[in-house]
Structure formats: structure tokens, C-alpha cells
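Down below is the structure, laid out as C-alpha cells.
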Amino acid sequence: MMAAAPEGWEEAEGTLRREFLFADFSEAWGFMSRVALLADAAGHHPDWSNSWNRVTIELTTHDAGNTVTADDVDLATAVNALL
């Protein structure tokens, strides 16, 4: 059984998804840089977008058939710890 989605994340259509709001573009970009370092170290990279102060992250495991796995939950938990 898969662990529950971490706080603030929703599981839908084979992804874990969360939207983050920041004070401005610089703060959002800094957050994305920190997430990129986490994701690269984990070898698990998100699909994401950024528009000014908004960052949307979607996590799925492509080689598991585009479904949510423990790797996605672990990265989402690590992302939450950055806040």
C-alpha cells in the first residue's frame, strides 16, 4: 500500500501535485533551485512550471507506468521540508 500523500499534496491522475506561492519571482526561483538539487541527488526529477511567484510541481514515476511510487512520496516529503 502506498503511503498517503504528504501534507499539501494531492494525488490525481497518476501524479502527486502541489502548487506553491511565494512573495515574488526571486523567492520562487530560489525554491526551484533548492528543489532541483534535491531531485538531482535523488535521481528523481519533477515536471514543473513557474509563473512569477507560483511554482507547480507534479511528481510521477515514468518507468513505473506513470504512477505514484514511494520515490514520489519521498521527494514530495523532502520538498515540504524546504518550506
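The values are calculated or read from the model by the stated rules, or taken from the named source; none is laboratory data. On a predicted model such as this, the values are computed, not experimentally measured, just so you know. All Cβ positions, glycine included, derive from the backbone under ideal geometry; neighbour counts span all protein chains shown.
Within the range 58-67, the presence of a residue that is modelled with pLDDT of 95 or more and out of contact with any strand residue (DSSP E or B) (no Cβ under 8 Å at 6 or more places or on another chain) is excluded.
Looking only at the range 30-48, residues that are aromatic (Phe, Trp, Tyr), farther than 14 Å from residue 80 by Cα and touching a Phe, Trp or Tyr at 6+ places or on another chain (Cβ under 9 Å) come to 0 in all. Got at least one residue in the range 26-38 being in contact (Cβ under 8 Å) with a residue 12 or more places away in the chain, closer than 20 Å to residue 15 by Cα and touching a Pro at 6+ places or on another chain (Cβ under 6 Å)? No: the range 26-38 contains no residue that is in contact (Cβ under 8 Å) with a residue 12 or more places away in the chain, closer than 20 Å to residue 15 by Cα and touching a Pro at 6+ places or on another chain (Cβ under 6 Å). The criterion of being without any contact (Cβ under 8 Å) to a residue 12 or more places away in the chain and touching a strand residue (DSSP E or B) at 6+ places or on another chain (Cβ under 6 Å) holds for residue 10. Of 52, 48, 9, all but one fail to be among the aromatic types (Phe, Trp, Tyr) and over 23 Å from residue 67 (Cβ atoms); the exception is 52. Taking residue 34, is it among the charged types (D, E, K, R) and assigned to a strand (DSSP E or B)? Against the criterion (among the charged types (D, E, K, R) and assigned to a strand (DSSP E or B)), residue 34 does not qualify.
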